[in-house]
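What follows draws every value from the coordinates through simple rules; no lab data is involved. Bear in mind the structure is a predicted one, so any value in this text is a computation, not a measurement. Heads up, the Cβs are rebuilt from the backbone with ideal geometry, glycines too, and the neighbour counts pull from every protein chain shown.
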Amino acid sequence: MNRKGVHKTRRPRNQYNTTMASSDPNKLLSKADKLTRLSLTRWSADWKTATVLYEQAANGFRVSKNIEKAKTAYEKASQGQQMLSSPWDAAKHMESAAALAKELCNWREVADFYQKASELFMECGRPQPASDALAKGARALEDTMPEEAIQLYTDAITILEDDEKEQMSFDLYRAVTSVYIKLEKYTDAASSLLRLGLAADKCNATNSQTKAYLGAIIVYLYAHDFKQAEQCYNDCTQIDAFLKSDHSRCAGKFLSAYTDGDVDEIKKIAQSSAVSHLDHAIIRLARKLPTGDVSSLKAVTAEDDEEPLDENDLT
């Protein structure tokens, strides 16, 4: 009691030190690890308490910019939530670990963690975030592990289509097409665009459908595969929506210009508005057309036109 008769509360000498210890992420992590280890005196793991400590440690390491330990703590927090039968929280923690693995340029872990997060989201019946997790991983891996990125994009698309959410897959199709183009896998790029067209058809997205078909034809032309471009055009024009579209007319003009061996006309068409509204990856290809000698196509066409009549052919 002081002179005015008021009692003063004294802070215990070790209170400050105790507070510091409880907020030290290393000590939180160590304490959590002990709670999950079985011993002669601990016959069952206390995952409920340990998971809270792992989460606190993860946040503490993140604040202090210790990315490696934060990643480890989020992994363990995810494991804890799984043990507590909470796949949603486990998935969110795994996504956090994946994002930190990306900061550390640990690309294999980025792929593995996002795949695990996706599985956990599916476990709790959430296909949309499951697909999103795979897409995040794919975007992170496009430059360093493009083949892995393609697989993640493909799996993300499959999840959406199995859930009949085709319209939400359009951007993923475009992204995987761009990766194929970077890898110079033009046949795969064209196939991806044709699958996008099919997905767009299922949800009556006519503009996206016809743009995808024109894009596929341009990819074949860029690969200097005129026969495949022509076959693709013939197949796509069996679809009424494409046949009546500006994109179909643009494709027809491209093929006619190639048949005529008219380089200037090809370049002119590549600057048209129908092309200018396609995806950037396709526009870049179109603006580089033609990629080969189109005069040879004109010569072949002329030979076909002058093929002599077979008198024995009565058809």
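I need the calculated FRET efficiency for the pair S191 and E103, taking r as the beta carbon distance and R₀ as 30 Å, to the nearest 0.05.
FRET efficiency, S191 to E103: 0.30.
Normalised radius of gyration for segment 149-195, please: alpha carbon Rg relative to 2.2 N^0.38 Å, two decimal places.
Working it through for segment 149-195, the quotient is 1.08.
Based on the Cβ-Cβ distance from S85 to K34, what FRET efficiency comes out when R0 is 35 Å, to the nearest 0.05?
My answer for the efficiency is 0.95.
What is the calculated FRET efficiency for Q238 to Q167, with r their C-beta to C-beta distance and R₀ = 22 Å, to the nearest 0.05?
Step by step, r from the Cβ atoms, then E = 0.40.
For n ≥ 4 DSSP H runs only, could you compute -39500 (n - 2.57) per run for the chain, divide by its residues and tell me the 222 nm figure to the nearest 500?
-22500 deg cm²/dmol
Using the Cβ atoms and a cut-off under 12 Å, what net charge is assigned to the surroundings of H280, where Lys and Arg are +1 and Asp and Glu are -1?
Result for the local shell: +2.
What is the packing order of peptides 194-204, 257-267, taking the mean over residues of other C-beta atoms within 10 Å and listing the highest first?
194-204, 257-267
Show me the three semi-axes of the equivalent ellipsoid for segment 140-242, from the C-alpha gyration tensor (sqrt of 5 times each eigenvalue), largest first, rounded to whole Å.
Calculated on Cα positions only, the semi-axes equal 22, 19, 8 Å.
Provide, for q = 0.14, 0.19, 0.20, 0.22 Å⁻¹, the log10 of I(q)/I(0) from a solvent-free Debye sum over equal Cα point scatterers in segment 208-267.
-0.33, -0.60, -0.67, -0.80
Give, in nm to one decimal, the length gained when the segment between W43 and D260 is fully stretched (0.36 nm per residue of separation minus the Cα-Cα distance).
Contour length minus Cα-Cα distance gives 69.8 nm.
For M83, what is the net charge nearby, where nearby means another residue's Cβ is under 12 Å from its Cβ and Lys, Arg count +1, Asp, Glu -1?
Around M83, the surrounding residues sum to 0.
What number, in percent, do you get for the relative contact order of segment 168-274 if the mean sequence gap of Cα pairs under 8 Å and at least 6 apart is divided by its residue count?
Relative contact order for segment 168-274 comes out at 18 percent.
Along the charge dipole of the chain, Cβ charges K/R +1 and D/E -1, which of N204, S85, A140 sits furthest on the positive end?
The residue sitting farthest along the positive end of the dipole is S85.
Jot down the per residue volume, in cubic angstrom and as a whole number, of the convex hull over the alpha-carbon atoms of the chain.
234
Order of 241-247, 287-293 by packing, highest average Cβ count within 10 Å first?
Those peptides, ordered most packed to least, come out 241-247, 287-293.
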